[in-house]
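Note sheet for the following structure.
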Amino acid sequence: MAPEVATRCLKADAAAIEEAARLILGGQPVAVPTETVYGLAADATNGEAVARIYQAKGRPSFNPLIVHVADLDQARELGEFADAAMALAKRHWPGPLTLVVPLKSGAPIASLVTAGLPSIGIRIPAHPVMQALLRAIGRPLAAPSANASGAISPTRAAHVLDSLGGRIPLILDGGPTERGLESTIVAATGGPLRLLRPGPITVDAVTATEDRIEAPGQLASHYAPSKPLRIDAAEAAGDEYMIGFGATPGDTNLSEKGDLTEAAARLFDLLHQADASEKPRIAVASVPREGLGLAINDRLIRAAAAR
Ligand code: TXA
Ligand code: MG
């Protein structure tokens with residue numbers, strides 16, 4: 001369990017937004033109002049900052065997170081927008097619509113944000129506080145709902161404090177959220193548009209495929225390496241590419257100092273690296289099943305079962 005921190009809750013004025021920007025650029029997650037629900041925002045370019053979102057939420061699995069940007073130019077730096085996606089973006093942004101689009105190659109996004117996928121969920125939020133924060137930071141922000149794992153999404157600063165008090169340094173209080181419901185998610189990754197999560201915006205163009213709704217987190221969407229993977233390995237067999245942890249060495253190491261935040265931040269990059277190696281199999285050292293290690297093991301166990 002992460003050590004307790006003092007959680008401040010500040011009215012979201014200019015000084016508080018500046019303080020939030022300072023903390024986020026320093027790698028900390030901060031709770032911020034959006035027009036849908038309060039989000040727990042971290043620098044999407046910094047894997048360890050994103051790992052701290054999971055640490056604070058106590059979430060036992062890694063899902064791809066939505067990336068929030070200030071404007072269309074910034075969105076275009078991160079994702080590839082085909083015509084249909086661009087039409088939806090122009091019509092509904094800023095607003096409670098998330099578009100899942102192909103990740104642009106070379107986009108400066110930590111692989112933990114997309115959970116290793118070649119696609120990215122992006123939205124431009126309408127809330128003035130989130131907008132001001134995005135502009136102050138000048139970087140994309142990953143932000144799931146600001147509640148502990150298993151709890152309901154927060155629509156007031158007080159809900160965030162109840163759920164995450166002692167686990168995050170700052171909550172920006174922007175009053176109750178307007179929509180109270182998470183954004184609509186539409187996938188535009190080729191083929192027809194698909195509704196991944198219903199929400200405040202109903203999109204005519206995707207109603208035709210609504211019978212094929214896939215539950216978030218269960219879409220064809222989970223990255224797993226293409227090679228057989230073995231977990232809790234003490235050492236590599238001759239045909240295995242070994243991902244070490246702590247004192248257990250390998251061809252590469254999730255974290256030589258045994259730090260779970262660093263390991264979470266590196267997990268998907270190293271799985272991709274192992275997949276691209278010349279060895280036909282992958283072995284991964286044992287990672288403690290506690291704190292962030294639970295989410296790391298969840299993902300490794302799924303990858304090991306994938307074939
Ligand atoms: O209203 C909202 O969208 C709130 C506020 C804070 O903006 N955010 C939110 O984020 O609900 P989050 O991270 O909890 O939503 C994550 C969901 C995932 O479960 C997944 O369904 C979808 O977004 N998602 C994100 N990136 C994806 C991707 N690359 N491929 C498929 N689904 C993705
Ligand atoms: Mg949530």
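What to note about this one:
- The relative contact order of the range 229-304, computed from alpha carbon pairs under 8 Å that lie at least 6 residues apart in sequence, is 39 percent.
- Proximal aspartates and glutamates to K279, defined as alpha-carbon separation beneath 17 angstrom and excluding residues fewer than eight positions away on the same chain: E235, D239, E240, D251, D269
- Share, in percent, of DSSP beta bridges within the chain that are antiparallel, nearest 5: 45 percent
- Helix 47-57 vs. the chain, principal-axis angle (Cα, 0 to 90°, nearest 10): 70 degrees
- Under a model in which nothing but the beta-carbon of Lys, Arg (+1) and Asp, Glu (-1) is charged, the range 8-207 shows a dipole of about 280 debye around its Cα centre.
- Whole-Å distance, taken between Cα centres, linking the range 259-307 and the range 83-161: 25 Å
- Structural descriptor for the range 91-213: relative contact order 26 percent, calculated from alpha carbon pairs under 8 angstrom and at least 6 residues apart.
- Which listed pairs, of K57/K104; K227/K257; K11/K104, have C-alpha distances above 32 Å, in listed order: K11/K104
- Gyration tensor (alpha-carbon) shape descriptor, the range 1-157, a/c threshold 1.5: prolate
- Square roots of 5 times each gyration tensor eigenvalue, C-alpha, the chain, largest first, Å: 32, 24, 16
- For the range 74-141: relative contact order, % (alpha-carbon pairs under 8 angstrom, 6 or more apart): 36 percent
- For the chain, built as a Gaussian network whose Cα springs stay under 10 Å, the top-fluctuating residue of S119, S61, S277: S277
Read-outs throughout are calculated quantities, based only on the coordinates presented, and are distinct from any laboratory measurement. What you see is a predicted model, and the numbers here were worked out from it, not measured in a lab. With ideal geometry, Cβ positions are generated from the backbone for all residues, glycine too; neighbour counts draw on all protein chains shown.
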